[in-house]
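Peer 1: Below: one structure in structure tokens.
The values are calculated or read from the model by the stated rules, or taken from the named source; none is laboratory data. Keep in mind that this is a model prediction, so the values were computed, not measured. The accessibility values were calculated without ligands, DNA or RNA, using every heavy atom of the protein model including side chains. Shrake-Rupley method; radii C 1.70, N 1.55, O 1.52, S 1.80 Å.
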Amino acid sequence: MTLPIVNIDGDIVTLRKISDAVTVFDGQLKTFAQDMVDTMFAANGVGLAAPQVGSNQNIFVMRTKEGLEKDTTDARVLVNPKITVKSKATAMGVEGCLSIPGIIGDVRRFESITCSYQDLDGATHAETFTGFEARIFQHELDHLWGVLFIDRADRVGRPKAA
Ligand code: ZN
């Protein structure tokens, strides 16, 4: 089931709030995560964080690397994610956000990060992301802290018409 996406002209309070840790790993959480995945694909996004669907919980979803390359509907769910190691190297890249329609900007992000997160059963995992995946992770993690890409971006504006 898809959920309505919150945008900055709507519920800015939810988008700006710091989200709470997930402590209950039940069927309701699994249903919510699947709804987030459905919503991300329906909106043609690469990632989606819980505040973007009106819920201040520490959970986001993102496409897998393979899902990005082959445009499949492979997605992963990250609960209570945190960055444990950041690369020295950073990279600039263009970002947009489903909650800020029609706006893009250049954002500097760590080129690679190691993170820890829990799955939907509460088991803890560690993983390293690089490149575009690392960028998505950092963008979505920001949402859980009430931070939007426009806070970090240079050259914010509307994309040039093709
Ligand atoms: Zn976003």
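Peer 1: Anyone know which of 106, 151, 74 comes out most mobile in the 10 Å Cα GNM of the chain?
Peer 2: Highest fluctuation among the options: 151.
Peer 1: A further question on this structure: Using Cα pairs under 8 angstrom and six or more residues apart, how large is the relative contact order of the stretch 1-59, in percent? Display every interim value, and only then the final one.
Peer 2: Values: 64 pairs, mean separation 31.1, N = 59.
Computed value for the stretch 1-59: 53 percent relative contact order.
Peer 1: Once you compute Rg and the Kirkwood Rh from C-alpha atoms, what is the Rg to Rh ratio for the stretch 48-89? Mind dumping the intermediate values first?
Peer 2: On the way: Rg = 12.7 Å, Rh = 11.9 Å.
Here Rg/Rh amounts to 1.07.
Peer 1: A follow-up question, please. Taking θ as phi - 60°, what are the ³J(HN,Hα) couplings along the stretch 132-140 by the Karplus curve (6.51, -1.76, 1.60), each to the nearest whole Hz, with x for Gly and Pro?
Peer 2: After applying 6.51 cos²θ - 1.76 cosθ + 1.60, I find 5, 4, 5, 5, 4, 4, 5, 5, 6 Hz.
Peer 1: Calculate one ³J(HN,Hα) per residue across the stretch 36-52 by plugging θ = phi - 60° into the Karplus curve 6.51 cos²θ - 1.76 cosθ + 1.60, and present them in order as whole Hz with x for glycine and proline.
Peer 2: So the Karplus estimates, Gly and Pro as x, are 5, 4, 4, 5, 4, 5, 4, 8, 6, x, 9, x, 7, 10, 3, x, 6 Hz.
Peer 1: Shifting gears a bit: If I stretch the segment between residue 147 and residue 69 completely, what's the gain in nm (0.36 nm per residue apart, minus their alpha carbon distance), one decimal?
Peer 2: Gain on stretching residue 147 to residue 69: 25.3 nm.
Peer 1: While we're here: Given all pairs of different Cα atoms, what value in angstroms does the Kirkwood hydrodynamic radius of the stretch 53-146 take?
Peer 2: Numbers: mean 1/r = 0.0714 Å⁻¹.
So the Kirkwood estimate lands at 14.0 Å.
Peer 1: Scan around residue 54 for amide H atoms under 5 Å from its own, H built in the peptide plane at 1.01 Å from N, and keep only partners 5 or more places away or cross-chain.
Peer 2: HN-HN under 5 Å from residue 54: 6.
Peer 1: Counting alpha carbon pairs within less than 8 Å and at least 6 residues apart, what relative contact order, in whole percent, applies to the chain?
Peer 2: On the way: 327 pairs, mean separation 39.5, N = 162.
Answer for the chain is 24 percent.
Peer 1: Continuing with this model, one more query. Taking only protein heavy atoms and a 1.4 Å probe, what accessible area per residue, in Å², does the chain have with all protein chains in place? All intermediate terms of the calculation are to be shown ahead of the outcome.
Peer 2: Details: 8320 Å² over 162 residues.
Accessible surface, normalised per residue, equals 51 Å².
Peer 1: Nearest 5 is fine: what % of DSSP beta bridges in the chain come out antiparallel, could you say?
Peer 2: In the chain, DSSP labels about 95 percent of beta bridges as antiparallel.
Peer 1: Assign one of three labels to the stretch 1-49, namely rounded, prolate or oblate, based on the Cα gyration tensor with a ≥ b ≥ c the square roots of its eigenvalues; rounded applies when a/c is under 1.5, prolate when it is not and a/b is larger than b/c, and oblate otherwise. Display every interim value, and only then the final one.
Peer 2: Values: a/c = 2.25, a/b = 1.12, b/c = 2.01.
Here the stretch 1-49 falls in the oblate category.
Peer 1: Near the amide H of residue 103, under 5 Å away, which other amide H atoms are found, from residues 5 or more places off or on another chain, if H is placed in the peptide plane?
Peer 2: Excluding prolines and chain starts, which carry no amide H, the hits are 97.
Peer 1: Whose amide H sits under 5 Å from the amide H of residue 75, counting only residues 5 or more places off or on another chain, with H placed in the peptide plane?
Peer 2: Close amide H contacts, sequence-distant or interchain: 64.
Peer 1: Please list the equivalent ellipsoid semi-axes of the chain, computed as the square roots of five times the alpha-carbon gyration tensor eigenvalues, in descending order and whole angstrom.
Peer 2: So the equivalent ellipsoid measures 22, 19, 16 Å along its semi-axes.
Peer 1: To make sure I understand the rule: partners must be lysines, Cα under 24 Å from the Cα of residue 82, and not fewer than 8 residues away in the same chain. Which ones qualify?
Peer 2: 17, 30, 65
Peer 1: Whenever you get a sec, compute what percent of the accessible area on the stretch 34-162 sits on carbon and sulfur atoms (1.4 Å probe).
Peer 2: Here it works out to 51 percent.
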